[in-house]
Amino acid sequence: MRPAGRFITFEGGEGAGKSTQARRLAAWLCDLGHPVLLTREPGGAPGAEAIRNVVLGGWGLDPVAEAMLMFAARREHLVATIRPALAAGIWVICDRFADSTRAYQVHAQGVPGEVYGALVGMALEGLKPDLTLILDLPPEIGMARAAGRGVAADRFERLGLDFHGKVRTGFLTIAAAEPDRCAVIDATATPEAVFASVVATTEARLAP
């Protein structure tokens with residue numbers, strides 16, 4: 001029987017380089033001979049991608065409703081994509097996961113923690129990442145990077161620095177509360193230096 005895969009998530013604010021580093025880590029693991037699935041949230045399954053278009057669109061949703069939609073997408077992603085891959089021995093690398101909802105909707109938008117906890121219990125059934133890499137940088141740097149990508153900003157990217165400062169604080173609070181799962185990576189460095197830290201942390205925590 002093939003051993004279960006490992007589950008790695010990338011978290012952080014806008015412009016932190018999560019997608020780039022997730023792709024690079026996936027390629028590095030493939031070079032080591034591991035089967036790898038690279039996915040994202042919200043999204044990663046057909047139904048979840050449809051919900052992504054709603055939550056990242058132009059609508060100003062109630063924060064609790066928004067959190068519920070995020071977890072509806074996450075549940076579909078878990079059932080259709082993540083859990084089958086892990087059971088097949090595939091390493092899953094996900095660009096954002098439940099910590100993003102906690103940082104954006106709970107810490108920055110005021111969704112009660114008990115609401116978040118109830119949604120986690122229903123949607124994830126105890127599943128947690130083996131390793132969460134939080135790419136950290138000041139929001140003003142991240143927003144400038146995001147604006148320079150030449151891609152239309154989504155609804156969260158159009159929010160102000162005060163909001164994104166709360167998001168950053170949220171991620172750092174999560175990392176401090178769960179140091180065995182989370183590792184904070186300085187994302188102000190060059191992409192090459194950030195990737196070196198990502199690899200070193202993955203080697204130290206998961207010994208791939």
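Pairing each residue of the stretch 177-189 that is over 14 Å from LEU131 (Cα atoms) with any residue that is of a type in the set (Val, Ile, Thr), provided the two are 6+ apart or on different chains, yields C-beta distances under 8 Å for ASP186/VAL194; ALA187/VAL194; THR188/ILE141. Take THR9 and decide whether it is out of contact with any His (no Cβ under 9 Å at 6 or more places or on another chain), buried (at least 22 other Cβ atoms within 10 Å of the Cβ) and among the hydroxyl-bearing types (Ser, Thr, Tyr). Judged against the criteria, THR9 is a match.
What number of residues in the stretch 27-48 are buried (at least 19 other Cβ atoms within 10 Å of the Cβ) and either small (Gly, Ala, Ser) or over 17 Å from the mean Cα position of the chain (by Cα) (or both)? Here the count works out to 5. Restricting the stretch 76-94 to residues that are touching a Leu at 6+ places or on another chain (Cβ under 8 Å) and assigned to a helix (DSSP H, G or I) leaves a set whose member that is surrounded by the most Cβ atoms within 10 Å (Cβ to Cβ) is ILE82.
For residues that are more than 23 Å from ALA176 (Cβ to Cβ) and among the basic types (Lys, Arg), scanning just the stretch 120-166, find the one that is modelled with the lowest pLDDT. It comes out as ARG155.
The values are calculated or read from the model by the stated rules, or taken from the named source; none is laboratory data. Note that the structure is predicted; figures quoted are calculated from it, not measured. Glycine gets a Cβ as well: all are built from the backbone with ideal geometry, and neighbour counts include every protein chain shown.
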